[in-house]
Amino acid sequence: AAMVQKYQSPVRVYKHPFELIMAAYERRFPTCPLIPMFVASDTVNEYKSEDEAIHVIERRCKLDIDAPRLLKKIAGVDYVYFVQKNSLNKRERTLHIEAYNETFSNRVIINEHCCYTVHPDNEDWTCFEQSASLDIKSFFGFESTVEKIAMKQYTSNIKKGKEIIEYYLKQLEEEGITFVPRWTPPVACKLESSTSHTRRPVSPAINIPDSATKEGLNNKEILNTSSSPSEPTAGTPDDKLDADYIKRYLGDLTPMQESCLIRLRQWLQETHKGKIPKDEHILRFLRARDFNIDKAREILCQSLTWRKQHQVDYILDTWNPPQVLQDYYAGGWHHHDKDGRPLYVLRLGQMDTKGLVRALGEEALLRYVLSINEEGLRRCEENTKVFGRPISSWTCLVDLEGLNMRHLWRPGVKALLRIIEVVEANYPETLGRLLILRAPRVFPVLWTLVSPFIDDNTRKKFLIYAGNDYQGPGGLLDYIDKEIIPDFLGGECMCEVPEGGLVPKSLYRTAEELENEDIKLWTETIYQSASVFKGAPHEVLIQIVDASSVITWDFDVCKGDIVFNIFHSKRAPQPPKKESLGAHSITSPGGNNVQLIDKVWQLGRDYSMVESPLICKEGESVQGSHVTRWPGFYILQWKFHSMPACATTNLPRVDDVLASLQVSSHKCKVMYYTEVIGSEDFRGSMTSLESSHSGFSQLSAATTSSSQSHSSSMISR
């Protein structure tokens, strides 16, 4: 079994000009005292261009790998040889390094690429990046040992790379060398360039990177730095992560952990259409899966889909918790713990969980807990800025004083478990510590019910104190400053958290009322939900007055597969018939289904198709835009996508027959949002759109010309 390991470094920024860094780098050869395993190197090949701007040098390097003697004996080698090809371009100010192994090249394939380039925003700084891959095809049955040795050697060398450059920079400085002039074309060229135009590009080349960077045209294609000027990463090319930023905002990561973060983030940028989560949040998912990139990607993608379907990004701005929650939910944020983590205080024992579930329903309660978690993420970010170090989790203090059998009410426990499950899946690694105080005698019962649902990593962070133990040694004072211990725990700090208490029975609602309330919760967002049935598409009318407007759409296919169409008609369709639903309306609470296109209308005569149909599968998110060519009426249509029967025979396939037996398979569900923008505002409003909606950031590319119909629809799974 072949094992491929990949590595991608963050960007390392040296605050020195490229030429000086090159002078330091050259001193590593032929040998370097800081790399004991680098025993020798010989130049095998060398090429210099006439004007000396290009210098390519190929070396054969001899390494004494630190491996067990036995392994060296089995392999029959003492040294490992690598070929390293360095291509220096003094005009462009770049050095590209390609290295691969010569020894065992049929068993193990190691490739490394490094580059030194000029920092895009400061031509007196230098960026360094490296990537590598290790593919072990076979190694006398010692594949995993070799992999471990190789990874260990490699990561320790990565750490050394920076020290080595700094060591030689210092050496240069001690010799009085602090400046190395840039390459300039030979004098002969300059004379020629004034008479003939053949060599024209040579002399102004020094300025090109500078002006090109400003226009986003240089070879790095810096297109996305402009979209996030406030981000501290904006100084890094290609919106890549740099090493200093990682240390300051994300913490001390090993090289392989950095590599996982960079690769997962890159994958998201390339494939995920929508809001890309913040780096610290991506990192939480990696930590939750011990930096297994595939497992982390899977849970992160599920969470992103969930966030979008439940509009979680907008919870803090758009959702106001019902008054019952504000009065009876005994929890709230309260300063921070000794590590600078935001502190959340929950007086669970004082809280009437049964009353809250009966008065609010599970959804509103879950919603509230989600808004608390969103606020927690926001506070972590804020504290990271305030305390000058990465803070990625919060501390929760749960006071159980008053806990009794009422808290063991089954539906309440069930609601609690579901909330824990949702939080575990979507906010991994956010709980830094959980302090449980004044645990009563019934607590172990509750704990046995709940603990199987809690992740092992999370469980390790629980500290449980019975009675007044929290006041003794190893108690609360070890974790929270004396000044902020809440009054109800015998401290001096006024704590604003509501006292809880029993929810009056007059506020209880029937199961039916709660169910309608729950449906409303998910539909009262900027997205509308619609049901699509076989033979009954859902259609939305958009009237366009100004010919060159832009219709934008953003929808999620929650259930079933659909075909999305957009039509244009000069005359207004008849007002929609709601009655035509007949039997369907009973089965679809909150299911909105409207037909506008008259049965007698003919395509091509009464209305025309302005985009080719788009097939969208269950679970996909689609964003797109259409630049309108004519005024009139546009109809967006979501139609049931029926699977074609087997092509060779006209007999239906077994799957189709089974599918047709399930009534639900005839119903699809879509959540959609549409907006019309004047074409002159379209490009300009990109930024405002981007901040408020997931998918539209990709659209600016689609609006190059408004004279012809033009569309882009993006799909992400």
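The values are calculated or read from the model by the stated rules, or taken from the named source; none is laboratory data. Since the structure is predicted, the reported quantities are computational estimates derived from the model, not experimental observations. Please note: Cβ atoms are built from the backbone with ideal geometry, for glycine as well, and neighbour counts cover all protein chains shown. Surface areas here come from the heavy atoms of the whole protein model, side chains and all, with no ligands, DNA or RNA. Shrake-Rupley method; radii C 1.70, N 1.55, O 1.52, S 1.80 Å.
If R0 is 45 Å, the Cβ-Cβ spacing of ASN404 and LYS247 corresponds to a FRET efficiency of close to 0.40. To the nearest 10, the accessible area of SER144 is 60 Å² with a 1.4 Å probe.
Note on SER87 and THR254: the extension gain reaches 57.2 nm, defined as 0.36 nm multiplied by sequence separation minus the Cα-Cα distance. Using the Cβ-Cβ distance between ALA425 and VAL187 with R0 set to 51 Å, the FRET efficiency works out to roughly 0.15. Taking 7 Å steps out from each Cα toward its Cβ at SER451 and THR155 produces label points 3.2 nm apart. The slack between VAL56 and ASP481, meaning 0.36 nm per residue of separation minus the straight C-alpha distance, is 146.9 nm. 3J(HN,Hα) along the range 410-421, derived from phi through the Karplus expression 6.51 cos²θ - 1.76 cosθ + 1.60 where θ = phi - 60°, amounts to 3, x, x, 5, 4, 4, 4, 5, 5, 5, 4, 4 Hz, with x in place of Gly and Pro. For the range 88-102, the Karplus equation 6.51 cos²θ - 1.76 cosθ + 1.60, evaluated at θ = phi - 60°, returns couplings of 9, 10, 6, 6, 7, 6, 9, 10, 10, 10, 10, 9, 8, 8, 9 Hz by residue, with Gly and Pro reported as x.
Amide hydrogen proximity for GLU620: with H placed 1.01 Å from N in the peptide plane, the residues at 5 or more positions away or on another chain lying under 5 Å are VAL557. Take the Cβ atoms of THR31 and ARG459, set R0 to 41 Å, and the FRET efficiency comes out at 0.20. Of the peptides 292-305, 553-566, the ranking by mean beta-carbon count within 10 Å, highest at the top, reads 553-566, 292-305. Close amide H pairs (under 5 Å, H built 1.01 Å from N) link LYS137 with VAL108, ILE109, residues at least 5 positions away or on another chain. Label-to-label distance for LYS295 and TYR79 is 4.2 nm, based on points extended 7 Å past Cα in the beta-carbon direction. The amide H of TYR508, built 1.01 Å from its N in the peptide plane, has no neighbour under 5 Å, considering only residues 5 or more places off or on other chains.
Between the range 1-70 and the range 591-634, the alpha-carbon centres lie 59 Å apart. Once the Cα-Cα distance is subtracted from the 0.36 nm per residue extended length, the PHE387 to SER679 segment shows a gain of 100.6 nm.
Each residue of the range 108-115 was assigned a 3J(HN,Hα) from its phi angle through the Karplus expression (A = 6.51, B = -1.76, C = 1.60, θ = phi - 60°), giving 10, 10, 10, 10, 9, 10, 10, 8 Hz with x at Gly and Pro.
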